[in-house]
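Reviewing the structure listed below.
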Amino acid sequence: MNNKRKIAFLTLGCKLNYTETSTISKQFSEDEFLKVDFKEKADIYVINTCCVTENAEKKCKQYIRQAQKHNPEATIAVVGCYSQLNADKISSIDGVDLILGNEDKFKIKELLGTYKKNAIPVISNIDINKSSSFKPSYSSGDRTRSFLKVQDGCDYFCSYCTVPYVRGRSRSSAIEDVIQSIKDIVEQGVKEVVLTGINIGDFGKRNDLKFIDLLIEIESISNIERVRISSIEPDLLSDSIIQLVSKSKKLMPHFHIPLQSGNDKILKAMQRKYNTALFTERIHTIKSLIPYCCIASDVIVGFPGESNDDFDETYHYLENIDISYVHVFPYSERSNTPSSKFNDRVDQTERKRRSNILHQLSDIKKNQFYKLNLGKQHNVLFESEINKGFLFGFTDNYIRVKTPYNSNLINHIVPVRLSEIDQDGVYIVELLNG
């Protein structure tokens with residue numbers, strides 16, 4: 001008879017949250033616990049939350065209700081960013097037993113024993129801005145790719161963003177600890193590591209180091225085949241980083257650089273640390289050194305005070321800048337941010353209209369980028385995903401590809417030629433001999 005307690009984990013939000021959920025889950029050994037899907041009946045449900053948008057908060061409440069439905073007697077723990085920001089709101093939701101902020105969520109196993117079901121929820125969310133500790137973590141369970149947290153927190157305080165209030169000030173792992181983590185990940189057979197953080201370009205700030213210092217050390221690791229840099233602020237993406245990536249065999253030709261607006265007036269209101277001229281300069285530098293580099297970006301539409309002319313300026317800026325695609329986000333009011341008090345709010349319907357327009361532009365730009373690579377040779381890391389008899393993977397410059405299923409290709413880096421784009425926007429490739 002199996003007496004193990006069943007535990008289910010759910011992660012909302014960014015890749016950083018996924019790395020932390022993975023680390024938290026490792027506390028619950030297989031000797032004592034059986035990890036099950038969140039859709040199944042469990043004894044304990046852990047929801048790692050996000051608070052970047054209003055929709056993220058709604059999802060949190062939906063999943064709390066879902067857990068209750070699966071098992072009314074289950075222990076429900078809500079942890080992470082939304083818990084840090086709105087513990088009192090969460091405590092008013094029936095069925096929640098444990099509410100842990102970002103500092104204490106790593107103590108979850110210890111704190112699970114401090115409550116009684118149907119009692120007042122246990123809340124533990126100390127002031128994150130008083131924390132200087134860094135909790136290392138990386139994702140497990142995917143043989144192909146692992147997300148490694150190297151930095152946490154943010155000192156930027158953009159006017160629309162809750163992250164500094166729930167993640168605290170910028171702090172980082174030590175370089176030697178990152179290197180050891182990468183070596184540990186590689187020993188598990190993982191081929192690609194993605195460096196993540198809240199503001200990774202700020203890596204080492206408290207220790208008189210820079211992100212480039214970490215990247216140079218990573219270059220010296222002999223057995224890691226692929227390293228990607230997650231989102232990095234344009235003002236922190238130095239020429240030295242771009243030059244290193246252009247020469248590297250390990251660092252992938254792929255940048256994610258948030259823009260947020262193509263209008264300098266709006267960027268200033270957002271309290272961003274750059275203008276469009278600097279962003280343009282970064283893109284030109286990348287493309288001059290790495291012509292086939294994939295460059296993704298983020299844009300917020302409908303920020304307070306964004307007129308139709310301001311939006312048109314953003315559209316034309318994006319239309320003419322050489323980036324590969326855009327993640328588009330309608331502005332979402334967050335009650336504790338400066339921008340929530342700004343006048344001249346943009347109607348929700350207009351936000352949606354602008355979002356749709358930029359989504360269409362993003363599709364056009366992505367198609368242009370894919371066509372630019374037609375007939376080119378790239379190295380692909382094939383994953384275990386199978387769909388309709390095809391195996392999928394990503395090129396070094398982050399183009400999604402597929403080939404007829406062959407189990408021998410899984411978790412291998414293979415040279416291919418990009419042959420044709422199918423109706424789903426995925427490249428069909430020709431395998432090349434080593």
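The values are calculated or read from the model by the stated rules, or taken from the named source; none is laboratory data. Keep in mind it's a predicted model, so treat the numbers as computed, not measured. No Cβ is skipped: glycine too gets one built from the backbone with ideal geometry, and neighbour counts run over all protein chains shown.
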Exercise for review: Run down S332, S288 and say which single residue is out of contact with any strand residue (DSSP E or B) (no Cβ under 7 Å at 6 or more places or on another chain) and at pLDDT below 95.
Suggested key: S332
Revision key, fill the gap. The residue from K89, K41 that alone is touching a His at 6+ places or on another chain (Cβ under 7 Å) and not small (G, A, S) is K41
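Every residue, every condition in (1) over 28 Å from S261 (Cβ atoms); (2) of a type outside the set (A, V, I, L, M); (3) modelled with pLDDT under 95, yes or no:
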| position | (1), (2), (3) |
| --- | --- |
| Y138 | yes, yes, yes |
| D142 | yes, yes, yes |
| R145 | yes, yes, yes |
| L148 | yes, no, no |
| Y160 | no, yes, no |
| R167 | no, yes, yes |
| E176 | yes, yes, no |
| Q180 | yes, yes, no |
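Of all helices (runs of 4 or more DSSP H) completely enclosed by region 58-127, which ones contain at least 2 residues that are more than 17 Å from T23 (Cβ to Cβ) and in contact with a helix residue (DSSP H, G or I) (Cβ under 7 Å, 6 or more places away or on another chain)?
Numbers: elements: 81-85, 87-91, 108-111.
Once the helices (runs of 4 or more DSSP H) in region 58-127 are filtered for at least 2 residues that are more than 17 Å from T23 (Cβ to Cβ) and in contact with a helix residue (DSSP H, G or I) (Cβ under 7 Å, 6 or more places away or on another chain), what remains is 81-85.
A quick yes/no check of all residues on (1) within 23 Å of G153 (Cα to Cα); (2) among the aromatic types (F, W, Y); (3) in contact with a Lys or Arg (Cβ under 6 Å, 6 or more places away or on another chain); (4) modelled with pLDDT of 85 or more:
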site: T23; (1), (2), (3), (4): yes, no, no, yes
site: D37; (1), (2), (3), (4): no, no, no, yes
site: E54; (1), (2), (3), (4): yes, no, no, no
site: C60; (1), (2), (3), (4): yes, no, no, yes
site: E103; (1), (2), (3), (4): yes, no, no, yes
**Study point:** Top-ranked residue in region 135-152 [being under 14 Å from the mean Cα position of the chain (by Cα) and not polar (S, T, N, Q); ranked as farthest from K191 (Cα to Cα)]
**Key:** D152
**Study point:** Residue check for S246: without any contact (Cβ under 8 Å) to a residue 40 or more places away in the chain and more than 20 Å from the chain's Cα centre (by Cα)
**Key:** no
Point to revise | Yes/no for I229 being crowded, with 17+ Cβ neighbours inside 10 Å and not assigned by TED's automatic domain parsing to the domain that holds I399 | key: yes
Practice item. Considering every residue within region 317-337, establish whether at least one is farther than 29 Å from C50 by Cβ and among the small types (G, A, S). Key: no
Revision key, fill the gap. Scanning region 303-327 residue by residue, the ones that are more than 19 Å from K268 (Cα to Cα) and within 23 Å of the chain's Cα centre (by Cα) total 6
Review point. Assuming S29 fulfils every condition listed in (1) part of a strand (DSSP E or B); (2) free of Cβ contacts under 8 Å to residues at least 24 places away in the same chain; (3) not aliphatic (A, V, I, L, M) apart from one, which condition is it?
Key: (1)
Revision key, fill the gap. Within region 376-434, residues closer than 25 Å to S248 by Cα and of a type in the set (S, T, N, Q) come out as Q377, N379, T395, N397, N411, N433
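Could you tell me whether region 346-356 includes any residue that is in contact with an Asp or Glu (Cβ under 7 Å, 6 or more places away or on another chain) and either within 19 Å of P234 (Cβ to Cβ) or free of Cβ contacts under 8 Å to residues at least 40 places away in the same chain (or both)?
Residues of region 346-356 that are in contact with an Asp or Glu (Cβ under 7 Å, 6 or more places away or on another chain), as a first pass: 346.
Next, from what is left, pick out any that are either within 19 Å of P234 (Cβ to Cβ) or free of Cβ contacts under 8 Å to residues at least 40 places away in the same chain (or both): none.
The answer is no, given that none of the residues of region 346-356 is in contact with an Asp or Glu (Cβ under 7 Å, 6 or more places away or on another chain) and either within 19 Å of P234 (Cβ to Cβ) or free of Cβ contacts under 8 Å to residues at least 40 places away in the same chain (or both).
Restricting the search to region 257-278, which residues are outside any loop (DSSP other than H, G, I, E, B) and either touching a strand residue (DSSP E or B) at 6+ places or on another chain (Cβ under 6 Å) or of a type outside the set (S, T, N, Q) (or both)? Let's see the steps before the verdict.
Quick first cut of region 257-278, residues outside any loop (DSSP other than H, G, I, E, B) only: 260, 264-269, 276-278.
Selection gives Q260, D264, K265, I266, L267, K268, A269, A277, L278.
Is it the case that G389 is farther than 22 Å from K287 by Cβ and exposed (fewer than 14 other Cβ atoms within 10 Å of the Cβ)?
Yes.
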Revision key, fill the gap. With the first residue restricted to region 83-110 and required to be in the same structural domain as V122 (by TED's automatic domain parsing) and in contact (Cβ under 8 Å) with a residue 24 or more places away in the chain, and the second required to be among the aromatic types (F, W, Y) and buried (at least 20 other Cβ atoms within 10 Å of the Cβ), Cβ contacts under 9 Å at 6 or more apart or on different chains are I90/Y82; I108/F28; K109/F28
